[in-house]
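**Student:** First, the structure itself, so that you have it in front of you.
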Amino acid sequence: MLGRVAPGVCAQVTMVVNHQQNRNMATLKSISLRLKSVKNIQKITQSMKMVSAAKYTRAERDLKAARPYGEGSVIFYDRAEVTPPEDDPKQLYIAMTSDRGLCGAVHTSVSKVIRNKLQEPGADNIKVICVGDKSRSFLQRLYGKHIISVCNEIGRLPPTFKDAATIANAILTSGYEFGSGKIVYNKFRSVVSYEQSDLPLFSLKSIESAPKLATYDSLDSDVMQSYMEFSLSSMIFYALKEGACSEQSARMTSMDNASKNAGEMIDKLTLTFNRTRQAVITRELIEIISGAAALE
Amino acid sequence: MALTFAAGNKVFYDKQAVKQVDVPSFSGAFGILPKHVPTLAVLRPGVVTVLENDGKQNKIFVSSGTITVNDDSSVQVLAEEAHPLENLDRAAAQEALSKAQSEFNSAANEKAKAEAAIAVEVAEEIVKAASA
């Protein structure tokens, strides 16, 4: 919400400043009001930065533990050379975002990847699951018919395996028989950078037709089914962790920037405020003196 | 052989070379030695024993998860939750078991019953592992 308010504040402030330069009017009150509100905004952004810094350290620690886990869950698909089936065009995309904004472009970049996919020809076979409200609000208006389900309440607390299992369960019980798909998420690289990445999703059928599956011993469909379900939730778990860490780090940076911008704005406003105050005093003096002079 | 053994809460081994891994699976408990035939399996609640290269034995309790043995002899054991055996508390496990059992008996529908049955199974295994 603040992000939307901030540009408005900006426009009004420049207006006040211009106003000042044009006619030396006493808008002392309006400037002091504006100054106060910008100071409050700065306080908010600063404390948000502090909060996300604390959350970020925790998310990064969690992510370190989740990395081998996530890598381990995709190794099998690599080694067995599982490929998406050519005769099944049905695809499922999972957008890993969260409910909360004010964190730079983390959510929009994930949603954009999916939007670009949906703009390509043959998009009728693509369905989307939105994890987090942000991707939903981005995609809903134009691509509402592609969305099969939405998960809320992501991002307030650090993601747990149970969250991942719930999402996986929702996917498996959605009744949508996809041939292949992708989990689109933000991969955390460092405090200042993250990139969009994806994890592959395969249906049981495409795994069964993988060329190298025959080298794997003693497989039955029950084992495969359970294996797939568990690996789906571990991949989602991993993507959630990566997303949470990227989000917190991005929020930290963007809130830092916002505090800096607010600081600049405060400096400018203070200057204008003092100048106006001086002008008002001078004008009052002139009025008194000229009044006295007229009486003589 | 390179073992990756990770759980939602902790990473125990990350591509570390070990001698042998014993895992409990739904198709029976089995040991994995280097050059094991590639396979997939599903973990059942129980104790995973890792024999490290220096002969040290590491016992870790797992609740559920997957085992993957690949053709390059790398092994991935991914658990939903895992804890070293010494961290298990027998009394607490006993308590959890009786609670799960009473839930199982009072379960109203099939789904709740199945969930309670899983809880009973896990709690039983924890008690077994903790008292061993």
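**Student:** What number comes out for the charge environment of residue A:79, summing +1 per Lys or Arg and -1 per Asp or Glu over other residues with Cβ under 12 Å away?
**Tutor:** -3
**Student:** Next up: Based on DSSP H runs of at least 4 residues, each adding -39500 (n - 2.57), what is the mean residue ellipticity at 222 nm of chain A after dividing by all its residues, to the nearest 500 deg cm²/dmol?
**Tutor:** Helix contribution divided over all residues of chain A: -23000 deg cm²/dmol.
**Student:** Which log10 I(q)/I(0) values, to two decimals, does the protein assembly as shown give at q = 0.06, 0.08, 0.09, 0.11 Å⁻¹ under the Debye formula with one point per Cα?
**Tutor:** Rounded to two decimals, the profile gives -0.38, -0.58, -0.69, -0.92.
**Student:** Name the residue farthest towards the positive end of the dipole of the protein assembly as shown from the options A:35, B:11, B:39, assuming +1 on Cβ of Lys and Arg, -1 on Cβ of Asp and Glu, about the Cα centre.
**Tutor:** A:35
**Student:** With a/c under 1.5 counting as rounded, go ahead and sort the range A:15-137 into rounded, prolate or oblate using the C-alpha gyration tensor (a ≥ b ≥ c being the square roots of the eigenvalues; past the cut-off, prolate if a/b is larger than b/c, else oblate).
**Tutor:** oblate
**Student:** Would you please give the residues with an amide H less than 5 Å from that of residue A:98, counting only those at least 5 places away or on a separate chain, with H modeled from the backbone geometry?
**Tutor:** Hits under the 5 Å cutoff: A:134, A:135.
**Student:** Pull up all non-local amide H partners of residue A:182: gap of 5 or more, or a different chain, and H-to-H distance under 5 Å with H placed in the peptide plane.
**Tutor:** Residues meeting the criterion, in which the H sits 1.01 Å from N, are A:92, A:93, A:94, A:201.
**Student:** Which residue, B:73, B:123, B:101, has the largest displacement toward the positive end of the dipole of the range B:46-132 when charges sit on each Cβ (Lys, Arg +1; Asp, Glu -1)?
**Tutor:** B:101
**Student:** Tell me, what ³J(HN,Hα) does each residue in the range B:17-32 have, in order and in whole Hz, if you take phi through Karplus 6.51 cos²θ - 1.76 cosθ + 1.60 with θ = phi - 60° and put x for Gly and Pro?
**Tutor:** 7, 9, 7, 8, 10, 9, 10, x, 10, 5, 9, x, 6, 8, x, 10
**Student:** Okay, next question. Using the reciprocal of the averaged 1/r over all distinct C-alpha pairs, how large is the Kirkwood radius of the range A:90-227 in Å?
**Tutor:** So the Kirkwood estimate lands at 16.3 Å.
**Student:** So if R0 is 41 Å, what FRET efficiency would residue A:195 and residue A:30 give, r being the distance between their Cβ atoms, rounded to the nearest 0.05?
**Tutor:** Calculated transfer efficiency: 0.40.
**Student:** What size of dipole, in debye to the nearest 20, comes out for the range B:89-131 about its Cα centre when the only charges are +1 on Lys and Arg C-beta atoms and -1 on Asp and Glu C-beta atoms?
**Tutor:** Its charge dipole is roughly 60 debye.
**Student:** OK, next. Expressed as an acute angle from 0 to 90° and rounded to the nearest 10, what is the orientation of the C-alpha long axis of helix B:90-106 relative to the principal long axis of chain B?
**Tutor:** Once rounded, the angle reads 50 degrees.
**Student:** State the percentage of accessible surface on chain A attributable to carbon and sulfur atoms; use a 1.4 Å probe and exclude ligands, DNA and RNA.
**Tutor:** Of the solvent-accessible surface of chain A, carbon and sulfur hold 55 percent.
**Student:** So for the pair residue B:112, residue A:172, with labels modelled 7 Å out along Cα→Cβ, what separation do we get in nm?
**Tutor:** 2.2 nm
**Student:** For the range A:232-239, take each phi angle, set θ = phi - 60°, evaluate the Karplus expression 6.51 cos²θ - 1.76 cosθ + 1.60, and give the result in whole Hz per residue in order, putting x for glycine and proline.
**Tutor:** The phi angles translate into 4, 6, 6, 5, 5, 4, 4, 5 Hz.
**Student:** Still on this structure: Over chain A, average the accessible area per residue using a 1.4 Å probe and give it in Å², no decimals.
**Tutor:** About 53 Å² of surface per residue is accessible.
**Student:** Tell me, what is the percent relative contact order of chain A, built from C-alpha pairs under 8 Å that lie six or more residues apart?
**Tutor:** Worked out over chain A, it gives 30 percent.
**Student:** Rank B:100, B:82, B:92 by mean-square fluctuation in a GNM of chain B with C-alpha springs under 10 angstrom and give only the top-ranked residue.
**Tutor:** Checking each option, the largest mean-square fluctuation is seen for B:92.
**Student:** How large is the charge dipole for chain B, taken about the Cα centre, if only the Cβ atoms of Lys, Arg (+1) and Asp, Glu (-1) carry charge, to the nearest 20 debye?
**Tutor:** 160 debye
**Student:** Treating the angle as unsigned and between 0 and 90°, give the value, to the nearest 10°, between the Cα long axis of helix A:28-79 and the longest Cα principal axis of chain A.
**Tutor:** Result, in degrees: 10.
**Student:** Could you please state, rounded to a whole Å, how far the C-alpha centre of the range A:108-156 is from the C-alpha centre of the range B:58-132?
**Tutor:** 36 Å
**Student:** Work out which residues of the range B:59-89 lose at minimum 10 square angstrom of accessible surface when the other protein chains are put back, relative to the chain isolated, with a 1.4 angstrom probe, and list them by number.
**Tutor:** Those residues are B:65, B:66, B:68, B:70, B:71, B:72, B:76, B:78, B:79, B:80.
**Student:** Shifting gears a bit: Output ³J(HN,Hα) for the range A:144-158: one whole-Hz value per residue in order, computed from phi by the Karplus curve 6.51 cos²θ - 1.76 cosθ + 1.60 with θ = phi - 60°, and x for Gly and Pro.
**Tutor:** Values per residue, Gly and Pro as x: x, 6, 8, 7, 9, 7, 10, 10, 9, 6, 10, x, 6, 10, x Hz.
**Student:** Can you tell which of A:126, A:143, A:166 lies farthest toward the positive end of the dipole of the range A:122-171, using +1 and -1 charges on the Cβ of basic and acidic side chains (Lys, Arg; Asp, Glu)?
**Tutor:** Farthest towards the positive pole: A:143.
**Student:** Enter the mean number of other protein chain beta carbons within 10 Å of the beta carbon of each residue in A:191-199, as an integer.
**Tutor:** 0
**Student:** Only four residue types carry charge here, +1 at the Cβ of Lys and Arg and -1 at the Cβ of Asp and Glu. Report the dipole size of the protein assembly as shown about the Cα centre in Debye, rounded to the nearest 20.
**Tutor:** 2420 debye
**Student:** Something else about it: What's the total accessible area buried between chains A and B, using a 1.4 Å probe, rounded to the nearest 100 Å²?
**Tutor:** For chain A against chain B, roughly 2000 Å² becomes buried.
**Student:** On to the next question. Rounded to the nearest 10 degrees, what's the angle between the helix B:110-131 long axis and the longest principal axis of chain B, both from Cα atoms, 0 to 90?
**Tutor:** 60 degrees
**Student:** Would you kindly work out the equivalent ellipsoid of chain B from its C-alpha gyration tensor and give its semi-axes, the square roots of five times the eigenvalues, largest first in whole Å?
**Tutor:** 29, 16, 11
The values are calculated or read from the model by the stated rules, or taken from the named source; none is laboratory data. These figures come from a predicted structure and were not determined experimentally. Don't worry about glycine lacking a Cβ; one is built from the backbone with ideal geometry, like all the others, and counts go over all protein chains shown. Just so you know, the surface numbers come from the protein's heavy atoms only, side chains and all, with ligands and any DNA or RNA stripped out. Shrake-Rupley method; radii C 1.70, N 1.55, O 1.52, S 1.80 Å.
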